[in-house]
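Asks: After the structure tokens below, expect a handful of questions from me.
The values are calculated or read from the model by the stated rules, or taken from the named source; none is laboratory data. Note that the structure is predicted; figures quoted are calculated from it, not measured. Because the Cβ atoms are built from the backbone with ideal geometry, glycine has one as well, and the counts that use them run over all protein chains shown. Side chains included, ligands, DNA and RNA excluded: accessible areas come from the protein's heavy atoms. Shrake-Rupley method; radii C 1.70, N 1.55, O 1.52, S 1.80 Å.
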Amino acid sequence: MLIALKKLLQVFVLLVIALVLFLRTPHFARLYYPYLYREAIEANAAAFGLDPLLVAAVTRTESKFDPRAVSRKGALGLMQIMPATAEWIAPRLGVGDFRAEMLFEPETNIRFGAWYLADLTAEFGGRLDVVIVAYNAGRGKVSGWLADGVWSGSFEDRENIPYAESRVFLARVRHAYAQYIRLYK
């Protein structure tokens, strides 16, 4: 009986070790960090001069790739775009018949979100942390924080970002981006 129990314990330990090793593989990590809508992400990232893995990281952080996602504040779709922001973006992309429900279409949402990330990148001189926070909090708020010296624009200084949600968003996007680079570069 004791020998059988000892063998069972050895098998259990081996299974736990195998599970831990599997959880550390890129295969498992890709299940947690999927690259859904890859074709649309890569096409729009290329069109607007972005790293597609950044677009994937923002999308995963915003909606976990749920095209029907709706935030408590009313942001819609994969990249969680506010309808008012989308209405501002639409004419810049030549979309004359824009309706908010179009944000539930993955291609449209990714196109608008990628364009907006590129526009923020241009406005903020490519400063990635500033771009990420502006995507979440809004360009006007972030411009004010930078101008008033509230936030330096660096990740190391993120505790000075006035919105807790934006601090968390910055950390989550940066972590997801690092994972996407590790898994898909």
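Asks: Once you keep just the Cα pairs under 8 angstrom separated by 6 or more residues, what percentage relative contact order results for region 18-78?
Replies: 20 percent.
Asks: Could you work out what % of the accessible surface of region 1-87 is carbon and sulfur, using a 1.4 angstrom probe and leaving DNA, RNA and ligands out of the count?
Replies: Carbon and sulfur: 68 percent of the exposed surface of region 1-87.
Asks: Label region 1-109 by shape, choosing from rounded, prolate and oblate, from the square roots a ≥ b ≥ c of the eigenvalues of the Cα gyration tensor; if a/c is under 1.5 it is rounded, and otherwise prolate applies when a/b is larger than b/c, oblate when it is not.
Replies: Because a/c hits 1.5 or more and a/b exceeds b/c, region 1-109 counts as prolate.
Asks: Another one. What is the sum of charges around ALA43, taking Lys and Arg as +1, Asp and Glu as -1, for the other residues whose C-beta is under 15 Å from the C-beta of ALA43?
Replies: Net local charge, ALA43 excluded: -3.
Asks: Could you please put PHE28, PHE155 in sequence from largest to smallest accessible area, using a 1.4 Å probe?
Replies: Accessible-area ranking of PHE28, PHE155, largest first: PHE28, PHE155.
Asks: Relative contact order (percent) for region 12-124, with alpha-carbon contacts under 8 angstrom and 6 or more residues of separation?
Replies: With pairs under 8 Å counted, the relative contact order is 23 percent.
Asks: Let me know the charge dipole size of region 138-178 about its Cα centre in debye, to the nearest 20, where only the beta-carbon of Lys, Arg (+1) and Asp, Glu (-1) is charged.
Replies: 200 debye
Asks: Projected onto the charge dipole of the chain (+1 at Lys/Arg Cβ, -1 at Asp/Glu Cβ, origin at the Cα centre), which of ILE3, PRO91, PRO162 gives the Cα projection farthest towards the positive end?
Replies: ILE3
Asks: Taking the dipole about the Cα centre of the chain, with the C-beta of Lys and Arg at +1 and of Asp and Glu at -1, give me whichever of TRP115, ALA75, LEU36 is farthest to the positive side.
Replies: It is LEU36.
Asks: Lysines near LYS141 by alpha-carbon distance under 25 Å, same-chain residues fewer than 8 away left out - which ones?
Replies: In chain and number order, the partners are LYS73.
Asks: Taking +1 at the Cβ of each Lys and Arg and -1 at the Cβ of each Asp and Glu, which of SER143, TYR184, GLY126 sits farthest along the dipole of the chain towards its positive end, judged by Cα position relative to the Cα centre?
Replies: The listed residue farthest towards the positive side: TYR184.
Asks: Could you list which residues have their amide H under 5 Å from that of ILE81, counting only those 5 or more apart in sequence or on another chain, with H placed in the peptide plane?
Replies: Here LEU76 satisfy the definition.
Asks: What does the charge add up to near VAL142, with Lys and Arg as +1, Asp and Glu as -1, over the other residues with Cβ less than 15 Å from its Cβ?
Replies: With Lys, Arg at +1 and Asp, Glu at -1, the neighbours total -1.
Asks: If the only charges are +1 at each Lys and Arg Cβ and -1 at each Asp and Glu Cβ, what is the size of the charge dipole of the chain around the Cα centre, to the nearest 20 debye?
Replies: Dipole about the Cα centre, nearest 20: 940 debye.
Asks: Under DSSP H, which helices of the chain have Cα atoms covering 24 Å or more of the helix axis and a Kyte-Doolittle average no less than -0.5?
Replies: 2-23, 106-123, 164-184
Asks: Which shape class applies to region 19-178: rounded if a/c is under 1.5, otherwise prolate when a/b exceeds b/c and oblate if not, where a ≥ b ≥ c are the square roots of the Cα gyration tensor eigenvalues?
Replies: The shape class here is oblate.
Asks: Let me ask something additional. If you filter region 7-66 for trypsin sites (Lys or Arg not before Pro), then keep DSSP loop positions with at most 13 other Cβ within 10 Å, what is left?
Replies: ARG24, LYS64
Asks: When a/c reaches 1.5 or more, the comparison of a/b and b/c decides; with that in mind, is region 22-71 rounded, prolate or oblate per its Cα gyration tensor?
Replies: It is oblate, given that a/c is not under 1.5 and a/b is not larger than b/c.
Asks: Express the relative contact order of region 102-185 as a whole percentage, based on alpha carbon pairs under 8 Å and six or more residues apart in sequence.
Replies: Relative contact order for region 102-185 comes out at 20 percent.
Asks: Sorting check: for 98-111, 162-175, which peptide has the highest mean count of neighbouring beta carbons within 10 Å, and how do the rest follow?
Replies: 98-111, 162-175
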